[in-house]
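The values are calculated or read from the model by the stated rules, or taken from the named source; none is laboratory data. Not measured: the values here are computed from a predicted model. We place every Cβ from the backbone using ideal geometry, glycine too, and count neighbours over all the protein chains shown.
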C-alpha cells in the first residue's frame, strides 16, 4: 500500500484498519481498536564543505488493543498483510487468559464523523502568503552548505563546525475501531542544528543551537550563524566559581528541562502507580501565590495545537497550579476512573504501547518583575547544562547538574563561568520568594512558555577559591 503524501485521511487505509479490527472480532475478541502511525524523515549533514550524509527513512506501525472479557492486551506490527495480522491475532488472543483482569479500560466509541488535526506545511505558515516557494533538494543542499560557511566566516575564533544538519519529518496517525474512524492527525516538522568550536589561545568552547518550524523555508537561516557564534564568544573565556549561594536565572530551555522533569507531580498514571509525591496535595499550597501553571492545548504561539487526545476526546485548558495551589492532575479515561475524578482528556498512546498520560503545551503565567528587577545586582545566567537527568530525584524533588553561563552585574555581562554544579529542590524553589518576570518567553521548541524567574540563594559548587 502506498504511503499517504497528502494531508487528508487516506480512506483506503482507514478501511484497511477497520477491516483489521473486524478480523480481531472474528478471531475471538469482543472488541478492538487500532492506532496506526506512518512517517518519513530526511536528514542532510555537512562536513568540511561537502555533504557527508543524506539519509531518507520511513516507518509504518500498527498497534491493536484487544478486549476479551475483562482482559486487555496490546500488539504491534509493521506488516498489514492478512496473513501476518491473522497470525498476530491468533497468538495474542490465545495467550490472553494468562493476563490479569483490567476493569478500568473500555473500548473506544466511534463518533458520527472523523476528527481532524492537521499541522502541515503551508498550514498556519503559508509559504505563498509570505511570497516564498518551496525549495528544491538542490536549494536545501546549498543552504546547509552555506550555513557551514557562514559559521566559519563569522569569526576568526571559529575553528571547526563539527555538526551541521537539517531534518524534515512528516507524520500521520489514525485512531479507528471496528465501527469506523475516530481521528486523524498529520504534521510536518523541520529543524536545523549547528554547533561550532571556538578557540582563543588556550581557551576553547563548543556550543550549538537548533531552530524548529514547519518549513525550512521559513526558518531564519541568516540570523542563525551570528547567534551561535556570539553565544560561543560569550562563553569562551570561562572559569569556575567559588562554592556558595548565588542568585540564578535559567534560560528558557534550561528551566523547561528542569521543571518538566518533575512531570510525575501532575501525571495521573504516576499517581495511580503510587509514584506521585503530590498525590495528596490537591488544594494545598505548593508554590508562591503568584505562581500559575497550566496545560494549554492551543496556545496561540505554540508550535503544535492539540485538538483531541489519543482516545479521541476534545481537549481544553487545565490549570495545574493556580495562585500557588495545586489544582489538577492530568488524566486519561483509565486513571480518572480508578481515582474517581473527571477525565480531562490527556490520553497518550502509540502503536503497541499501553494507554498513558501526556500533557500538551505548558504555560507559566507572567509576574510583575521588570527586566531591571530580575537582573539587579550580580546574577548567574545558566545557559547550558550537563547531566541534569542523572542527578535528579523525581520523588524528593532534589536535583543536581553541571552548568555554564555568564555572570551579569546589573544586566551587563561580566564573566563567563563553567565547571560548576547547580543543586536544589524544586519544591523549595517554588515556595521561595523568587521573582517572576513580566514577559513570557518560549523555549526553542515552542512547547513551554514561561517568564524569566530569579531564584535567590541557589547552591553552587565550584572549584575556584574565594
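Some observations on this one:
- Here residue 176 does not qualify as closer than 16 Å to residue 216 by Cα and either assigned to a strand (DSSP E or B) or touching a strand residue (DSSP E or B) at 6+ places or on another chain (Cβ under 8 Å) (or both).
- Residue match in the range 435-444 (condition: more than 18 Å from residue 242 (Cα to Cα), free of Cβ contacts under 8 Å to residues at least 40 places away in the same chain and surrounded by fewer than 18 Cβ atoms within 10 Å (Cβ to Cβ)): no
- Single residue of 392, 430 found to be under 23 Å from the mean Cα position of the chain (by Cα), surrounded by 15 or more Cβ atoms within 10 Å (Cβ to Cβ) and modelled with pLDDT under 95: 392
- Enumeration of residues in the range 448-466 that are modelled with pLDDT of 95 or more and either under 29 Å from the mean Cα position of the chain (by Cα) or surrounded by 17 or more Cβ atoms within 10 Å (Cβ to Cβ) (or both): 448, 449, 450, 451, 452, 453, 454, 455, 456, 458, 459, 460
- For the range 303-347, the set of residues classified as more than 21 Å from the chain's Cα centre (by Cα) and under 18 Å from residue 365 (Cα atoms) consists of 322, 323, 324, 325, 326, 327, listed by residue number.
- Unmet requirement for residue 379, which otherwise passes all of (1) at pLDDT 95 or above; (2) in contact with a strand residue (DSSP E or B) (Cβ under 8 Å, 6 or more places away or on another chain); (3) not assigned by TED's automatic domain parsing to the domain that holds residue 421: (3)
- Residues that are within 30 Å of residue 157 (Cα to Cα) and assigned to a strand (DSSP E or B) within the range 229-256 comprise 238, 239, 242, 248, 249, 250, listed in sequence order.
- Flag if residue 46 is crowded, with 19+ Cβ neighbours inside 10 Å, assigned by TED's automatic domain parsing to the domain that holds residue 103, closer than 30 Å to residue 161 by Cα and over 25 Å from the mean Cα position of the chain (by Cα): yes
- Members of the range 348-394 found to be out of contact with any helix residue (DSSP H, G or I) (no Cβ under 8 Å at 6 or more places or on another chain), over 28 Å from residue 171 (Cα atoms) and part of a loop (DSSP other than H, G, I, E, B), listed by number: 365, 366, 367, 368, 370, 375, 376, 377, 387, 393
- Checklist (1) touching a helix residue (DSSP H, G or I) at 6+ places or on another chain (Cβ under 8 Å); (2) surrounded by 19 or more Cβ atoms within 10 Å (Cβ to Cβ); (3) under 30 Å from residue 108 (Cβ atoms) applied to residue 182, failing item: (1)
- Hey, residue 62 surrounded by 16 or more Cβ atoms within 10 Å (Cβ to Cβ) and either in the same structural domain as residue 21 (by TED's automatic domain parsing) or touching a helix residue (DSSP H, G or I) at 6+ places or on another chain (Cβ under 7 Å) (or both) or not: yes
- Pairs, first in the same structural domain as residue 211 (by TED's automatic domain parsing) and part of a loop (DSSP other than H, G, I, E, B) in the range 142-168, second at pLDDT 95 or above and surrounded by fewer than 17 Cβ atoms within 10 Å (Cβ to Cβ), C-beta under 6 Å, six or more apart: 157/200
- Just one residue in the set 45, 16, 55 is touching a helix residue (DSSP H, G or I) at 6+ places or on another chain (Cβ under 9 Å) and over 22 Å from residue 355 (Cα atoms); that residue is 45.
- Of all residues in the range 257-278, those satisfying the criterion of being closer than 17 Å to residue 293 by Cα and either modelled with pLDDT under 95 or not in a loop (DSSP other than H, G, I, E, B) (or both) are 257, 258, 259, 260, 263, 264, 265, 266, 267, 268.
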